[in-house]
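Trainee: I'd like to ask you about the structure that follows.
The values are calculated or read from the model by the stated rules, or taken from the named source; none is laboratory data. All values reported here derive from a predicted model rather than from experimental measurement. Backbone-built Cβ (ideal geometry, glycine too); neighbour counts: all protein chains shown.
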């Protein structure tokens, strides 16, 4: 079975913002997706967040092109009323993390990729950093 990886906003930002030292591991995972070896999923919420954050450093047409290219190698989980309700009633201390988590569950992702593993300590699915995920591939 191909891994279906939910990509948290901070990791998507690492990739599209080419943030050192976090860029290389997520770039390798994105390459795996481009080659059809894994499936990437992100929340619709991440697109607006990424656009807003990157707009402080780059022109909007460049950011939109990066988002278009990312969209080709990933699926998007809609942010629905049901997910918002689940996020509001969850035990997550951070509402945005709760929304991300419930988007991952909705899309049947089997691993959640984030740099803030501790924020997902009650997750029903494995949570890994990009580096941990890449190491797990080498051990199999």
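Trainee: Looking at the range 113-123, which of its residues are closer than 16 Å to residue 87 by Cβ and in a helix (DSSP H, G or I)?
Mentor: 119, 120
Trainee: Quick one: in the range 47-61, of everything that is touching a residue at least 40 places away in the same chain (Cβ under 8 Å) and closer than 21 Å to residue 79 by Cβ, which residue is surrounded by the most Cβ atoms within 10 Å (Cβ to Cβ)?
Mentor: 50
Trainee: Now for a separate question. For the list (1) at pLDDT 95 or above; (2) in contact with a helix residue (DSSP H, G or I) (Cβ under 8 Å, 6 or more places away or on another chain); (3) within 18 Å of residue 10 (Cβ to Cβ); (4) surrounded by 15 or more Cβ atoms within 10 Å (Cβ to Cβ), I need the number of the one condition that residue 33 fails.
Mentor: (2)
Trainee: Have a look at 122, 110 and point out the one that is touching a residue at least 24 places away in the same chain (Cβ under 8 Å), surrounded by 14 or more Cβ atoms within 10 Å (Cβ to Cβ) and out of contact with any helix residue (DSSP H, G or I) (no Cβ under 7 Å at 6 or more places or on another chain).
Mentor: Criteria check complete, one pass: 110.
Trainee: Something else about it: Is it the case that some residue within the range 133-140 is surrounded by fewer than 16 Cβ atoms within 10 Å (Cβ to Cβ), modelled with pLDDT under 95, over 20 Å from residue 24 (Cβ atoms) and out of contact with any strand residue (DSSP E or B) (no Cβ under 7 Å at 6 or more places or on another chain)?
Mentor: Scanning the range 133-140, I find at least one residue that is surrounded by fewer than 16 Cβ atoms within 10 Å (Cβ to Cβ), modelled with pLDDT under 95, over 20 Å from residue 24 (Cβ atoms) and out of contact with any strand residue (DSSP E or B) (no Cβ under 7 Å at 6 or more places or on another chain), so the answer is yes.
Trainee: Applying the selection to the range 16-48, what residues are within 12 Å of the chain's Cα centre (by Cα) and under 17 Å from residue 96 (Cβ atoms)?
Mentor: Within the range 16-48, 41, 42, 43, 44, 45, 46, 47 qualify.
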